[in-house]
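Novice: Questions regarding the structure given below will be posed in turn.
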Amino acid sequence: MSTEIEDGVGFRSKRGPILIALMLATGLVAIDATIVATAVPSIVEDIGGFSSFPWLFSAYLLAQAVSVPVYAKLSDVLGRKPIILAGIGLFLLGSILCGLAWSMPALIAFRVLQGLGAGAVQPVAITIAGDIYTLAERAKVQGYLASVWAVSSVVGPTLGGVFASLEIWRWIFFINVPLCILAGWVLVRTFHENVDRTNHRIDYLGAALLTTALSLLILGALEGGQAWAWNSPISIGVFVVGAVLFAAFLLVERKAAEPVLPPWVVSRGLLATTALVAFGIGAMMLGLTTYVPTFLEGALSTSPLLAGLALAALTLGWPISASQAGRFYLRIGFRNTAIIGIFITVAGTGILALTASSPSVLLVAAACFVVGLGLGLVATPSLIAAQTSVEWNERGVVTGTNLFARSIGSSIGVAVFGAVANAIYASSGGPNPQSTGAASTAVFFAVLVSAALTVVAVLAMPREAAKGRQAAEASDRDSVPADIGAKATESER
């Protein structure tokens, strides 16, 4: 691939239209993560299936998580553009079908299609940002992308509530249609890459084994203690079969010409530690986004809107610190920046856990804001450190592995935190203001433990990952191979 880097970060720069398209594509995933929850009562009232509605979320998350490594590898083989456009297309088709769903099983099946699209959109969008922006610019770009999640955390539930109150819940899916079309159109017009068309041997067997194994393992983590008991035959069987298939996948990858998940992804110290950091981030984010609203609404009888705004402080702090992370890592390095961030995160989760016995909406919001500030200084430099350590043809796999680790952290987190909360509910005779407060407090302490364990992963990041400004500029010259222009290249015509 050839290199053409334009100056400036922002909507008015020459790369501005691509950034807008990436934000639109990310917004599809971000809004969908929050808009459905508030409309569940209306959905159930219209098409039934109350006992199955949790699968609206589990099926989507499962499809998204297991497909990320496959799409990431394909983006390194075929290029970013066809993969992200295919993801947007799948998400568009899934959204239309969800809006036309006639029953809960049909809606769940179409949510799987949406999840498969989201599995391509999010990691490839971040990979494209890593391709077309220099090391000094990537933190600002990550701030732009993180701001999409901040806005979506407020807009999503609000839109879902409005559509539900107007009894037009199907529009929570139809609203994706113009967004998909606009994002795809802008990418087609403005993003051009010149990929070397060489013969590749796609690892179909490895992809099938990995997808099936991860589906079973994540399914066991998501539904254990919920749909079935942890020690039930079905739970044990799901984990055993998943583990056996994963072992078979590892054996296949050792002989594959172009493995879908290369062994070097976990054998290199920097990539392994940043994946562990992403795992911890996923667990902490899931714990807070799940239990902060439950805590405020159940223990304090706070309105859902106010509880949602308190949680939004988390996603407000993240883009603020993420956009400024570049100022830190260019001077003190990736590792030191992440260390500062993780200790801020520990402070925020500590405040939340220690003050939960005397709850206050403002205090919870302030603690969430502090956690968001910390996570922005952890997630951004650790991801960019991993991206910067590899060449273009490996960056997709590295980005996908990092986001996949975050998804796995969320899946394991929901299982562990759910087990903690359910144990307290069981001992106190079910949900009530007192038990909800106690269960949420226990979860917050579990999140604090997760933050403390993530400290270990951050400290284990190799010191070589810390680069000064001169090394960063050299890295930009050597490892940002993107061909970005307003017009297509001759080969594309």
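The values are calculated or read from the model by the stated rules, or taken from the named source; none is laboratory data. Since we're looking at a predicted model, the values are computed, not measured. Positions of Cβ are generated from backbone atoms using ideal geometry, with glycine treated the same way; all protein chains shown enter the neighbour counts. These area figures cover heavy atoms from the full protein model, side chains too; ligands, DNA and RNA do not enter into them. Shrake-Rupley method; radii C 1.70, N 1.55, O 1.52, S 1.80 Å.
Novice: For the chain, give the percent of accessible area contributed by carbon and sulfur heavy atoms, probe 1.4 Å, rounded to a whole number.
Specialist: Whole-percent figure for carbon plus sulfur exposure: 68.
Novice: Length gain on complete extension for the stretch N422 to T355, per 0.36 nm per residue less the alpha carbon to alpha carbon distance? Don't skip to the end; give the middle numbers.
Specialist: Details: separation 67, 0.36 × 67 = 24.12 nm, distance 2.14 nm.
Residue separation times 0.36 nm, minus the Cα-Cα distance, leaves 22.0 nm.
Novice: Run the count for the chain, please: Lys pairs, Cα-Cα under 16 angstrom, 8 or more apart or on different chains.
Specialist: Lysine pairs meeting the criterion: 4.
Novice: In the stretch 45-158, with Lys and Arg counted as +1 and Asp and Glu as -1 at Cβ, which of these residues, W55, Y144, T134, has the Cα nearest the positive end of the dipole, that is, farthest along it?
Specialist: T134
Novice: Roughly how many Å² of R268 are accessible to a 1.4 Å probe, to the nearest 10?
Specialist: Only protein atoms counted, so the area is about 90 Å².
Novice: Next question, about the same structure. Taking just the alpha carbons, could you work out the radius of gyration and Dmax for the chain, both in angstroms?
Specialist: 21.8, 70
Novice: Still on this structure: Let's test the formula: R0 of 45 Å, r as the Cβ-Cβ distance of I181 and A248. What FRET efficiency results, to the nearest 0.05?
Specialist: Once rounded, the FRET efficiency stands at 0.65.
Novice: Keeping all protein chains in the complex and leaving out DNA, RNA and ligands, what accessible area do you get for W169 with a 1.4 Å probe, in Å² to the nearest 10?
Specialist: Here the residue's solvent-accessible area equals roughly 10 Å².
Novice: I've got another one for you. Ignoring ligands and nucleic acids, what accessible area does L288 show with a 1.4 Å probe (Å², nearest 10)?
Specialist: 0
Novice: In percent, how large is the relative contact order of the chain, given Cα pairs closer than 8 Å and 6 or more residues apart?
Specialist: Working: 869 pairs, mean separation 120.2, N = 493.
Computed over the chain, the figure is 24 percent.
Novice: Another one. With contacts defined as alpha carbon pairs under 8 Å and 6 or more residues apart, what's the relative contact order of the stretch 279-343 in percent?
Specialist: Here the relative contact order equals 19 percent.
Novice: Mean residue ellipticity at 222 nm from the helices of the chain, using -39,500 (n - 2.57) per DSSP H segment of n ≥ 4 over the full residue count, to the nearest 500 deg cm²/dmol?
Specialist: -27000 deg cm²/dmol, from helical runs alone.
Novice: What angle, in degrees between 0 and 90 and rounded to the nearest 10, separates the Cα long axis of helix 135-165 from the longest principal axis of the Cα atoms of the chain?
Specialist: So the helix axis and the longest Cα principal axis differ by about 40 degrees.
Novice: Where a ≥ b ≥ c are the square roots of the eigenvalues of the C-alpha gyration tensor, would you call the stretch 352-433 rounded, which needs a/c under 1.5, or, failing that, prolate if a/b is larger than b/c, or oblate? Numbers along the way, then the final one.
Specialist: Details: a/c = 5.38, a/b = 1.85, b/c = 2.90.
The shape class here is oblate.
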